[in-house]
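To start, the structure itself, in structure tokens.
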Amino acid sequence: MKNKISSELLKGSLKPIILKLLKEQGRMYGYEITQQVEELSKGKIVLTYGALYPILHKLENDEIVITEQEIVNNRTRVYYKLTPKGSEKSVEKIREMEAFLQTLGILFKPSPNVGLCNT
Amino acid sequence: MQYLTSEQIDAIDAELKNAEINYSHLPEDLLDHICCDIEKYLNDGLNFNEAYQSVFDKIGINGLKEIQEATIFYVKLNLMKMKKLMNFMALIGGISVTAGMFFKLMHWPGGGIVLTFGFLFLFLGFFPAALMNLRKELEQKFFSAGFLIYLVGFLTFVITGAAMIFKMMHWPGGGLLVSASMILLFLIFFPVLFFKIVRTEKNRIVNLSLVLFAFLFAGFITVSNLNSARNVSNVFQYEDLTAELAYYKEAMKTQASSTVFSEAEYTASLKLFNTLNTDIEDLKSLILNDRKDIYELNFRLNHFSLLEDVYDSRLIALKEEIEAYKQQMLKLAGNSKDLSILINALFNTEDYQLEYYHRPWIERKFDRSYVGKLTSLQQLQKYIYQTQYEVLRYQVLNSSTPE
């Protein structure tokens, strides 16, 4: 099996990931988002239905994204798109995530070997 | 690239319907997503049945339902938290208002504070929260036509609530607020609400607010008016006073023949007493309108009295007579401290004055229901008889002591 990231660690990062994708790609539908995430993370992050749709619906409810429906291949496809308010929000969220990653980077940097520095 | 046929899509759609997926556009989301997943497997070389099986294996037996539940839960998370808080505020506010009203009715201390606290809880806490929740549930913009009625309703509630507090605490401006709230309530709110309820299906939050509000309103009417209840208690008071009056009248007869200490002053006081007594009797019969039955008067709602105006010249004259009588009786009381205190207390014609509340003596006595006015007059009559008797008794006792 692929080396997947545990859902525990992913918990707070899914929303920023989705927002970042929407910001870059314009409008996306559910399946497209999961595919993109899986591809970009080289299979390490797999979005399940149960993780994706609650977040998308919540974002819609908070007026961060809006939806458009189109008939594609005999079925309705729901596209998600950032609202102007959502655009600002996503910038904020992405920045917040970057700062968080930086902090984590500092915290999890391999500690310098004290012994080697001895002169 | 291989795509699913309409029949295959219908089969998946049937599966979603079977799981009762109906929240928002979640059915469309899931249908498309499942189709995409299956198509991916088809392109990997599986046949439809195998692909279908693998996708639904991943979702799990109750998976579809769980996805819907998770979605609803996540979307309504804040709403649910708010609802819990709202219920709590309604509970606390309701209890405080009920307790406050009860305290007020029993004239126990602290009723006003509890009542105000309860009202603030309801009108600054519960109703705004209910309004916010309602907006979210109806999924409407705050200042849209569809939501306007709720805004107006909220405004009505707030103004009426303020009117209640102002009236109960006797703050200035209460009358104006009551008029405003009455206009809003009966000319706008209730008609609109009536049509709304007739035309649309019931909404839980609105009904809850409405029931609570109707309850408060009924409570307010009861506490602030209590006209019939007050009249009944006034009738009892009137009966008591009549009995006491009879007692003093009788007592005066037994003392009347005795010698008095200061004859001239006493004769002067009797003159004042008689005028006052006649005037009170006149006013009483004016109210009773030649009817001797006070119980009948109590239930005659449209009884027209010539004493409707509190600042009637006869009442003003009465007040002056009382003051003159008081001065005369104080003279006769001489250096008896007890008697002076009694006279000053019985004929205290000063206005009632608190920090934020001022009520002239004449309004306190006569700005009442018919039975209330009658009771005030009866009380004054009892007071003059009582004073006359006490002073006479004092004079008689003093004139006999030297011997």
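How would B:Met106, B:Met132 line up from fewest to most surrounding beta-carbon atoms within 10 angstrom?
On the way: B:Met106 8, B:Met132 14.
So the residues, fewest neighbours to most, are B:Met106, B:Met132.
So what is the relative contact order for chain A, in percent, with contacts set as C-alpha pairs under 8 Å and at least six apart? Write down the numbers at each step before the final one.
Working: 102 pairs, mean separation 31.7, N = 119.
Value for chain A: 27 percent.
Neighbour counts of other Cβ atoms within 10 Å put B:Phe123, A:Phe108 in the fewest-to-most order A:Phe108, B:Phe123. Given R0 = 45 Å, the distance between the Cβ atoms of B:Glu320 and B:Ala214 translates into a calculated FRET efficiency of 0.40.
Between the stretch B:154-192 and the stretch B:80-150, the C-alpha centres lie 15 angstrom from each other. Compactness ratio for the stretch A:1-56: Cα radius of gyration over 2.2 N^0.38 Å (N = residue count) comes to 1.05.
Relative to the globular-protein estimate of 2.2 N^0.38 Å, the Cα radius of gyration of the stretch A:7-94 stands at 1.05.
Counted by Cβ distance under 11 Å from A:Gln36, the other residues give a net charge of -3, where Lys and Arg count +1 and Asp and Glu count -1. The aspartates and glutamates within cross-link reach of B:Lys17, meaning a Cα-to-Cα straight distance under 16 Å and a gap of 8 or more places when in the same chain, are B:Glu7, B:Glu28, B:Asp29, B:Asp32, B:Glu66, B:Glu69. Each principal axis of the Cα cloud of the stretch B:54-106 was taken in turn, and the coordinate range along them, longest first, works out to 73, 17, 7 Å. Here the Debye sum runs over all C-alpha atoms of the stretch B:128-185 as equal scatterers in vacuum, and log10 of I(q)/I(0) at q = 0.29 Å⁻¹ comes out as -1.04. List the pairs from A:Lys11/B:Lys58; B:Lys271/B:Lys382; A:Lys93/B:Lys136; B:Lys104/B:Lys337; A:Lys93/B:Lys40; B:Lys326/B:Lys373 whose alpha-carbon separation is above 26 Å, in the order I gave them. Long pairs (Cα-Cα over 26 Å): B:Lys104/B:Lys337; A:Lys93/B:Lys40.
Pop the C-beta distance of B:Gln140 and B:Asp309 into the FRET formula with R0 = 45 Å and round what comes out to the nearest 0.05. Intermediate results must be reported in sequence, preceding the final value.
On the way: r = 52 Å, r/R0 = 1.15.
Step by step, r from the Cβ atoms, then E = 0.30.
Computed from backbone phi with θ = phi - 60° and the Karplus coefficients 6.51, -1.76 and 1.60, the 3J(HN,Hα) list for the stretch B:99-116 is 4, x, 5, 4, 4, 4, 4, 7, 6, 7, x, x, x, x, 5, 4, 5, 4 Hz; x is used for glycine and proline. Normalised by residue number, the volume inside the convex hull of the Cα atoms of the stretch B:6-74 is 83 Å³ per residue.
Read the figures in this text as sums done on the coordinates, not as results from a lab. It should be emphasised that the depicted structure is a prediction, and the values quoted were computed from it without experimental measurement. Reconstructed Cβ throughout: ideal geometry from the backbone, glycine too, with neighbour counts over all protein chains shown.
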